[in-house]
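Asks: Please find one structure pasted underneath; my questions will follow.
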Amino acid sequence: MVSGQSLGAYLTDNILAPLQMAETGFHTAAENKSRIAHPFPTDPWTGEKVALFDPLDIPKMQSGGGGLVSTTMDYARFCQMLLNGGTLDGTRVIGSRTLHFMASNHLTPDVKLETHLVPPGHGFGLGFAVRTDDGLAPYAGSTGQFFWSGVAGTFFWIDPKEELFTVFMSQGPGQREYFRTLIRSLVYAAVE
């Protein structure tokens, strides 16, 4: 801990509170139990058991790679800040040049990931998959678009060229790739 704080405390002080994301953290209070979206106990397509972490439990480890609990509106505020180049409502949480660096491809041409998270026509920045090519990608979008996804199906993307962001909240890990592609197609079909 370079800051001397837990990751959760650091995120709250430096990102969540400045962005007024009061309903985001590594767990949520018991009074929010009725608001939590849960997956089906078994995947409707495969019949396999679905087991995700309980957002009411305080995690033993606060992971920088995942595990935050949030609301759609909090997530939208975060995405709007990214689309705005690091600022929201007059509050800057990241420098525009730093964000540009993070949302740029850092893979050399000889590195081929080509997974569902980083498909053809994409590279990887510092925390984001980055669209590098319009013609190779398996779905609509713009070069320079950046995104990331959650294990249960939630995902977001920022498209600076179209000046849009999308947040999709889901608790369907077995259907995540199907819906991620479908949502992208629906959003870009609506863009003139």
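Asks: Say whether the condition of being over 17 Å from Leu113 (Cβ atoms) and out of contact with any Lys or Arg (no Cβ under 7 Å at 6 or more places or on another chain) is met by at least one residue in region 129-136.
Replies: So far as region 129-136 goes, yes, one or more of its residues are over 17 Å from Leu113 (Cβ atoms) and out of contact with any Lys or Arg (no Cβ under 7 Å at 6 or more places or on another chain).
Asks: What are the pairs, 6+ residues apart or on separate chains, where a residue within region 53-70 that is at pLDDT 90 or above has its Cβ under 7 Å from a residue that is surrounded by 11 or more Cβ atoms within 10 Å (Cβ to Cβ) and among the acidic types (Asp, Glu)?
Replies: Once the first residue is at pLDDT 90 or above and sits in region 53-70, its partners that are surrounded by 11 or more Cβ atoms within 10 Å (Cβ to Cβ) and among the acidic types (Asp, Glu) give Ser70/Glu23.
Asks: Report, by residue number, each residue of region 30-40 that is under 24 Å from the mean Cα position of the chain (by Cα) and over 17 Å from Thr72 (Cα atoms).
Replies: Matches in region 30-40: Phe40 only.
Asks: So, in region 114-127, how many residues would count as being within 17 Å of the chain's Cα centre (by Cα) and buried (at least 16 other Cβ atoms within 10 Å of the Cβ)?
Replies: Residues in region 114-127 being within 17 Å of the chain's Cα centre (by Cα) and buried (at least 16 other Cβ atoms within 10 Å of the Cβ): 6 in total.
Asks: Within region 128-140, is even one residue among the aromatic types (Phe, Trp, Tyr), surrounded by fewer than 17 Cβ atoms within 10 Å (Cβ to Cβ) and farther than 25 Å from Arg176 by Cα?
Replies: No, region 128-140 contains no residue that is among the aromatic types (Phe, Trp, Tyr), surrounded by fewer than 17 Cβ atoms within 10 Å (Cβ to Cβ) and farther than 25 Å from Arg176 by Cα.
Asks: For region 104-162, enumerate the residues that are out of contact with any helix residue (DSSP H, G or I) (no Cβ under 8 Å at 6 or more places or on another chain), hydrophobic (A, V, I, L, M, F, W, C) and farther than 20 Å from Gly85 by Cβ.
Replies: Scanning region 104-162 gives Leu107, Val111, Leu113, Leu117, Val118, Phe124, Leu136, Ala137.
Asks: Restricting attention to region 165-182, which residues are surrounded by 17 or more Cβ atoms within 10 Å (Cβ to Cβ), within 22 Å of Leu82 (Cα to Cα) and not charged (D, E, K, R)?
Replies: Phe165, Thr166, Val167, Phe168, Ser170
The values are calculated or read from the model by the stated rules, or taken from the named source; none is laboratory data. It should be emphasised that the depicted structure is a prediction, and the values quoted were computed from it without experimental measurement. Neighbour counts run over all protein chains shown; Cβ positions are idealised from the backbone, glycine included.
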